[in-house]
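The values are calculated or read from the model by the stated rules, or taken from the named source; none is laboratory data. Fair warning: this is a prediction, and the values are worked out from it, not measured in the lab. Because the Cβ atoms are built from the backbone with ideal geometry, glycine has one as well, and the counts that use them run over all protein chains shown. Surface areas here come from the heavy atoms of the whole protein model, side chains and all, with no ligands, DNA or RNA. Shrake-Rupley method; radii C 1.70, N 1.55, O 1.52, S 1.80 Å.
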Amino acid sequence: MTTHLREPGASRTKRVATIALGLALGCLLWPEPVGAQRAKAVNPAVEGGAARRVGRLFKVPLPIAGTKSLRQSVLNSLERLRDEKVRPVLIFEFVVAKGQNEYGRGTTIGNAYDLADFLSGKELGDVETVAYVPQTIQGHAVLAVMACQTIIMNGDAELGPAGVDETQVPKSVLSSYEDIAARRKKVPVEVALKLVDASRELLEVETDVGKEYVTPETLSALRKKRTVSGESVVFRAGQPAQFSGTEARQRGFVDHLALNHLELARALEVSPESLKDAAPLDGQWRSVRVDVKGPIRADLVDKAERMVREAIERQEANFVCLWIDSAGGSPIDSQRLAGFLSELDSGRVRTVAYVPREARADAALVALACDQIVVHPGAVLGGEGDHAFAPEEVADMTRFIRNQVAPNKSRSWSLPAAMFDPNLTVIRCRRGSEVEYFCDEELNEQAKPERWVKAEEVTTKGQPFRVKGTEAVELRLATHEVNDFAGFRELYGLENDPTLLEPNWADMFIEALASPGLAVLLLVIGGVALYAELHSPGIGVPGFIATLCFVLFFWSRFLGGTAGWLEVLLFLLGVTFLMLEIFVIPGFGIFGLGGGALLIASLVLASQTFVIPRNEYQAAEFRNSLVMITASGIGIIAVILLINRWLPHTPVLSQLILNPPTHEEAEAISQSESLGRFDDLLGARGIAVTPLVPGGKARFGRNNVDVLTDGEFVPRGTEVEVVEVQGNRVLVRPLAS
C-alpha cells in the first residue's frame with residue numbers, strides 16, 4: 001500500500017512562491033489567463049462558457065472492487081463528449097451492490113484510493129466530476145465521494161463513518177484521507193480525518209474569516225493566526241463521525257440535495273435524459289422481452305408484471321425490453337403496470353420500451369415509465385386511443401405522472417401530462433444552449449425560473465399531445481429511433497434477440513386470427529358455410545365449418561381483449577331470430593331485420609373495445625370495423641352466387657346443398673300448394689324436410705308444402721301424416737305419436 005506523506009511546511013511554502021512567480025510572468029507574456037488557455041486547448045467546447053452541459057451517469061457499486069472497467073468506460077465516454085463539443089459533467093452514483101450489506105461496507109483502502117486518485121487526478125482535470133449519494137454509505141467508499149469536485153446527497157442519506165472496517169487506523173490510511181481532502185478542498189482535512197478515525201475530537205470554531213474545523217491540539221495554533229470568537233464540539237473523541245445530507249449541506253460539505261435523478265439533473269443544469277448509464281454494473285446484458293400488444297386489460301398487465309418479476313428473480317435479467325404496440329384501453333391497469341416499472345431499480349435492471357408502431361393514450365404511460373424509449377421514425381406516441389378520458393381520469397393521470405413516473409425516471413412531467421390533458425399548454429424554454437419543455441407550473445418549480453426564456457408553444461389547445469418517432473426524439477420524450485428491431489439490438493450491443501418470455505403457438509395463433517385479413521376470411525367462410533347448411537338436408541360438414549369459423553373468430557377476439565360474453569350472446573340471439581324468420585314466421589319482418597342488425601352489431605363490437613366512438617382514434621377504429629364487416633358481407637354474397645351457379649353441377653359437392661327446382665318442378669309445386677289441391681292431401685303421408693316448430697315444410701311425393709303441427713316440435717326427417725286441411729292451412733302430426 002502506498003503511503004502518502006505530508007509535504008514539509010518550508011518546502012511547500014517555497015513551491016507556492018515559485019508557482020506564484022510563474023503565474024505572474026505568464027500574465028505578462030499571455031494576455032489571456034493561463035487557465036482559460038488550458039481549458040480551450042484541452043476542451044474547445046468550453047470556449048466562451050456557452051457550450052451545452054451534458055451529463056453522463058456512472059454507477060459505482062459498493063463495496064468498490066477494481067476500477068479498471070469503470071475507468072475505461074469513463075474515458076471512452078469522455079472522448080465521445082469532447083468530440084461533440086459539449087461540456088462534460090461526469091456523475092458517479094454510489095449504490096450498494098446486490099447481496100451486500102445495506103451500507104456498502106467492505107471497500108479496501110487500496111481500491112478506494114485508486115478510484116479517488118482517478119477522480120481527482122489529471123485525466124479528469126478539465127471536467128466536472130460529481131458524486132451522488134442517494135443512500136447511506138459507510139467505510140472507505142467515503143474517500144471516493146470526497147474526491148469529486150461536487151457532492152450531491154439525498155437529504156436523509158448519511159455519509160460515514162469511514163473507518164468502520166478498521167480496528168485500528170494506520171497512518172497510511174490517515175495520509176490517504178488527508179491527501180484527497182487537501183487536493184479537493186471540498187471536505188476540510190480535519191473533518192475527513194475524523195470520519196475515518198473515531199478516536200479524534202472534532203471542534204467547530206468561529207473565526208474572523210468564517211467557520212473552521214480543528215482538533216483541541218491544533219486550536220492553540222489557530223488562535224495565533226485567527227481571532228476565535230467561539231468554539232463547539234462537533235464529535236467527541238471515541239464518537240464515530242456521521243453527517244446526514246441535510247447537515248452536510250448546512251456545513252458546506254455538500255453542494256446540493258437531490259431526492260432523485262430529476263432533482264439531480266436540475267441541480268447540475270443538465271438534461272434529465274442525459275443521466276443514463278451506458279452499461280450494466282457487471283458489464284453484460286441479460287435481456288428478456290415482454291410484449292404489450294393490443295388493448296391493455298387487467299389480465300395483460302398481470303401477465304406482463306408476473307413475467308418481468310420472474311425474469312429478474314429467477315433468470316437474473318438486467319435488461320427488460322417491453323415491445324409496446326397498443327392504443328391503451330384501461331387507465332387503471334396501465335397505471336398499475338407503469339407504477340411497477342417505475343419502481344424497479346434502474347441501477348440493477350434497465351427497462352426499455354420499444355415502440356415500432358404506436359403507444360397511444362394510456363399505453364404511452366407504460367412506455368414513459370421505462371428508463372428509455374426507442375421508437376420507429378413513424379411510430380405514434382401519445383394522443384387519443386382506445387379509451388376516452390373523463391376529466392377526473394385526466395387529473396388522476398397528471399398526478400400520477402408528476403408524483404411517480406417523472407421523479408422516478410428523471411423526466412419533466414409537462415409533455416407526458418399533456419398527452420392526457422388537452423388543456424395543458426407546454427412551452428419550449430431556453431437557458432443558454434439548454435432546452436427544456438415546461439408548462440407554467442413546472443417552470444415555476446425550477447430552482448431559478450427567471451433564467452429560463454420562453455419560446456414557442458409545442459402543444460395544441462384542446463387536443464391531447466401526440467408525436468411521431470423522430471419528433472419524440474427531438475423533444476427528448478424518446479431516447480433513440482431505429483428502423484427495425486435489428487437496429488434496436490445493435491443500439492444496445494445485444495448479440496441475440498432478447499428472450500421472449502412465454503412464447504407459445506397459442507399466442508402466435510391468436511395474434512394471427514385477430515389480424516383483419518384472417519378475420520374477414522373466417523367471417524366469409526363461416527357465412528357461406530351457414531348458408532350451405534340452411535340449404536342442406538341435415539346437419540353436416542357446412543354446419544361444422546360454420547361453427548368452427550365463428551368460434552375461432554370470437555375466441556381470438558375474446559382473448560385479444562375486444563370481445564366478451566355480450567358480443568357472443570348478441571351473435572347467438574341474431575342467428576336465432578333469423579332462424580325464426582326463415583322456418584317459423586313466413587315473410588321478412590321484425591325478426592329478420594332485428595336478427596341481421598344483431599349479427600352486424602355483435603361483429604362490430606367484437607372488433608373494438610368501445611360501444612360508441614368518443615374521439616378521433618375510436619372513430620377511425622369504428623370505420624375499420626365497418627370496413628371489415630362490409631368486406632365480409634360482400635365476400636359472402638360473391639361466394640354464394642358462385643356456389644349457386646357452379647356447385648349444383650359438381651358431382652360430389654352437389655350433395656351438400658339442395659338443388660334449386662327446375663321450371664317444371666316449380667310449376668308442380670305451385671299447383672300442389674294451390675287451394676284446390678290441398679284437399680287431396682288429407683290423410684297423405686310425407687317427410688318433414690325442415691324442423692316443424694310448429695311451422696315448416698313437408699314433402700309429399702315430389703311436392704313441398706307449408707305445414708303446421710298442433711304445437712309439437714317435429715324434427716326434420718320425421719314421417720308425418722296430414723290430419724286436417726282448412727283452405728291452405730295443412731295440419732300434420734308425426735306418425736311416431
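At-a-glance table
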| quantity | calculated |
| --- | --- |
| Residue tally, condition assigned to a loop (DSSP other than H, G, I, E, B), touching a residue at least 12 places away in the same chain (Cβ under 8 Å) and farther than 22 Å from Ala267 by Cβ, over segment 164-191 | 5 |
| Failed item in (1) out of contact with any Cys (no Cβ under 8 Å at 6 or more places or on another chain); (2) open to solvent by less than 20 Å² (accessible area, probe 1.4 Å); (3) under 30 Å from Ala698 (Cβ atoms); (4) at pLDDT 75 or above, with Ala519 passing the rest | (3) |
| Single condition Ile510 does not satisfy, out of (1) modelled with pLDDT under 70; (2) open to solvent by 80 Å² or more (accessible area, probe 1.4 Å) | (2) |
| Of all residues in segment 555-577 being at pLDDT 80 or above and aliphatic (A, V, I, L, M), the one that is surrounded by the most Cβ atoms within 10 Å (Cβ to Cβ) | Leu570 |
| From Pro88, Pro161, residue being in contact (Cβ under 8 Å) with a residue 12 or more places away in the chain, assigned to a strand (DSSP E or B) and surrounded by 21 or more Cβ atoms within 10 Å (Cβ to Cβ) | Pro88 |
| Segment 619-632, residues that are under 14 Å from Gly526 (Cα atoms) and free of Cβ contacts under 8 Å to residues at least 60 places away in the same chain | none |
| Filter result for Arg105 (open to solvent by 30 Å² or more (accessible area, probe 1.4 Å), in contact with an Asp or Glu (Cβ under 8 Å, 6 or more places away or on another chain) and more than 25 Å from Tyr177 (Cβ to Cβ)) | no |
| Among the residues listed as Tyr103, Tyr132, the single one being aromatic (Phe, Trp, Tyr), out of contact with any helix residue (DSSP H, G or I) (no Cβ under 7 Å at 6 or more places or on another chain) and within 30 Å of Ile312 (Cα to Cα) | Tyr103 |
| Selected residue (only one of Ser410, Ser414 is polar (S, T, N, Q), open to solvent by less than 10 Å² (accessible area, probe 1.4 Å) and touching a residue at least 60 places away in the same chain (Cβ under 8 Å)) | Ser410 |
| Scope segment 622-644; condition open to solvent by less than 50 Å² (accessible area, probe 1.4 Å), modelled with pLDDT under 85 and closer than 22 Å to Asp386 by Cβ; matching residues | Ser625 |
| Which listed residue, of Lys185, Lys211, Lys171, is open to solvent by 40 Å² or more (accessible area, probe 1.4 Å) and on the phi > 0 side of the Ramachandran plot | Lys185 |
| Single residue of Pro240, Pro280 found to be surrounded by fewer than 21 Cβ atoms within 10 Å (Cβ to Cβ), of a type outside the set (Lys, Arg) and modelled with pLDDT of 90 or more | Pro240 |
| Some residue of segment 110-124 being assigned to a loop (DSSP other than H, G, I, E, B), out of contact with any strand residue (DSSP E or B) (no Cβ under 6 Å at 6 or more places or on another chain) and open to solvent by 60 Å² or more (accessible area, probe 1.4 Å) | no |
| Residue count for segment 213-249, restricted to those that are under 25 Å from Val133 (Cβ atoms) and free of Cβ contacts under 8 Å to residues at least 24 places away in the same chain | 1 |
| Subset tally (residues that are assigned to a helix (DSSP H, G or I) and over 17 Å from Arg476 (Cβ atoms)) for segment 430-449 | 4 |
| Residue check for Glu178: in contact with a Phe, Trp or Tyr (Cβ under 9 Å, 6 or more places away or on another chain) and within 24 Å of Gly139 (Cα to Cα) | no |
| In segment 396-411, the residues that are in contact with an Asp or Glu (Cβ under 8 Å, 6 or more places away or on another chain) and more than 20 Å from Val352 (Cα to Cα) | Met397, Thr398 |
| Qualifying residue in segment 213-232 (condition: under 26 Å from Ala162 (Cβ atoms), assigned to a loop (DSSP other than H, G, I, E, B) and at pLDDT 90 or above) | yes |
| In segment 429-449, the residues that are at pLDDT 90 or above and surrounded by fewer than 16 Cβ atoms within 10 Å (Cβ to Cβ) | Asp440, Glu441, Asn444 |
| Residue within segment 218-229 that is touching a strand residue (DSSP E or B) at 6+ places or on another chain (Cβ under 8 Å) and under 28 Å from Ile137 (Cβ atoms) present | no |
| Within segment 404-429, considering residues that are of a type in the set (Val, Ile, Thr) and in a loop (DSSP other than H, G, I, E, B), the one farthest from Ala447 (Cα to Cα) | Thr425 |
